[in-house]
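The values are calculated or read from the model by the stated rules, or taken from the named source; none is laboratory data. All values reported here derive from a predicted model rather than from experimental measurement. Positions of Cβ are generated from backbone atoms using ideal geometry, with glycine treated the same way; all protein chains shown enter the neighbour counts. With ligands, DNA and RNA removed, areas are computed over all heavy atoms of the protein, side chains included. Shrake-Rupley method; radii C 1.70, N 1.55, O 1.52, S 1.80 Å.
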Amino acid sequence: DPVSAVQDFFYERIDHCLNAGMKRKQLMLDPFYGNVLRVDSSLKLLGRIQALKSFAWPLCLSVPESLPFDSGENHNLSHVAGLTASLYCASHGVNLVRCETPENLCLALGTWQLISNKAKPYQLSKGIIRRFIRMRDAFKLKHKRN
């Protein structure tokens, strides 16, 4: 069970950090940092992310953009899987999601938040378009500066 192995590791490391004099607010847990788990174990860990919230520490998840679901002919499938995993984490109380292309995740999260907060359907499409345009322009400006 990958979740119990990660929990045992966190118990040991948290004790070590606190005994070494670190403050609670200096700690953040990332069960995928240095992840060497197989895909099925990683998915089990994602599916039981609530079990890791019991530590009452901020959770950070490093989700790779391209998960190894690619059949070779459809490269977009692996990107969709990584983005879906990121959205799942964000919707289940993960405080920080690290990914390779934050632009895609920002657009997806922004759209998801807009959809979940809008009560009037006719305002939804206008709001999504405005948000996409603002985010697109901000990303273009950032890339021009670099």
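If packing is taken as the mean number of other Cβ atoms within 10 Å per residue, what is the order of 129-141, 80-92, 16-28, 46-58, highest first?
Top of the packing list down: 80-92, 46-58, 129-141, 16-28.
Please work out how much accessible surface K44 shows to a 1.4 Å probe, ignoring ligands, DNA and RNA, in Å² rounded to 10.
Number for this one is 110 Å².
Given H placed on each backbone N at 1.01 Å, which residues far from V97 in sequence or on other chains put an amide H within less than 5 Å of it?
L61
K126: which lysines have alpha carbons under 23 Å from its alpha carbon, excluding same-chain residues fewer than 8 sequence positions away?
Within the straight-line cut-off, K126 pairs with K118, K140.
Once you put a point 7 Å from the Cα of I129 and another 7 Å from the Cα of C106, both along the Cβ direction, what distance in nm separates them?
For the pair I129/C106, the computed spacing is 2.2 nm.
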